[in-house]
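Inspection log for the structure reproduced underneath, given as structure tokens.
The values are calculated or read from the model by the stated rules, or taken from the named source; none is laboratory data. Please read all numbers here as calculations on a predicted model, not as lab measurements. A quick note on method: Cβ atoms are made from the backbone with ideal geometry, for glycine too, and the neighbour counts reach across all protein chains shown.
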Amino acid sequence: MGNEVSKDGLSESLEIGRVNRLEVYKKSEFGLFLRAADGGEVLLPNAYVTSEMEVGSIVEVFLYHDSEDRPVATTERPTAMLDEYGLFTVVDYRPYGAFVDWGLPKDLFVPLSQQKEYFRIGERKLLRVCQDERTGRLYATQKLGKHFVRDMKGLRPGQEMELIVLAKTPLGYKAIVENRYEGMLFENDTFEALEVGDRRRGYIVKVRPDHKLDLSLRPPGWEAKSVEAKERVLQRLEESGGELPYGYKSSPEQIREIFGLSRKLFKRALTELVEEGRIEAGAERILALPKAGK
């Protein structure tokens, strides 16, 4: 997400932590100097300069602070930008905090005060990118709760949203919704194995009075789920040559692995396909039937 753009297509001002649209202002031995509409300048080092970048052209760059704490531009994109969440790998640990790899030359700092648990090198952590109000420098935090928005105005059941899996719980999976809200994907409505940091498109099932959202990975309505389940069974049958060693007695684990469905949805799909005359199904066998007229 970029910042405000002026009439001539440039970012109004330099904004650390986001993608900026800047004009190539002048060349130097170190790279290109870029500027925003208000005249603010930043260096794009030679490592990111291409032959298409000429004085007067507009480029899109991400801004952050380099190893000497100077604002610098890059054409690369980090794992997550300011106010976004991402899964980061811990690469260093010091008494005052940890450093995580976020895809840029300078690692992202996680202050000790922003850690909820001990960080070990090699671990992957779900974090939010924040900005220090005093210095302008970016940092990451593991303390996410205070950043979730409680204003649910405008949200309604059925809306499609971007989800990031936050944590596994006995009920299912906590999720971050649109980088703003907190929600829950319930186990009995999740038909695939999920890991922390996974990104999915999902749907609001219910807007709760406690400022959280009940979510589903499936479109609203059982009919849509049933149609998708039947299509998935028929697709697997076609891929296997018309017969599969699965059926009403197959285990939930097998069904989830092969078809990506819950056992309940799978059995209902089998029954409907049998009633439609498209398959035969037994305890451990599914057989595709020829279409009428063939």
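Brief remarks follow.
- Selected residue [touching a Ser or Thr at 6+ places or on another chain (Cβ under 7 Å), β-branched (V, I, T) and either part of a loop (DSSP other than H, G, I, E, B) or crowded, with 17+ Cβ neighbours inside 10 Å (or both)] from V205, V165, V196: V205
- Residue that is surrounded by the fewest Cβ atoms within 10 Å (Cβ to Cβ), among those in the stretch 257-291 that are of a type in the set (K, R) and closer than 16 Å to Q235 by Cβ: K291
- Set V90, V55, V129, V149: member being β-branched (V, I, T) and more than 21 Å from the chain's Cα centre (by Cα): V55
- In the stretch 25-40, residue farthest from T74 (Cα to Cα) [restricted to those that are within 32 Å of the chain's Cα centre (by Cα) and in a strand (DSSP E or B)]: R35
- Within the stretch 220-241, not a single residue is exposed (fewer than 14 other Cβ atoms within 10 Å of the Cβ), within 16 Å of E187 (Cα to Cα) and not hydroxyl-bearing (S, T, Y).
- Residue list for the stretch 39-73, filter: at pLDDT below 95, farther than 19 Å from Q131 by Cβ and acidic (D, E): E52, E54
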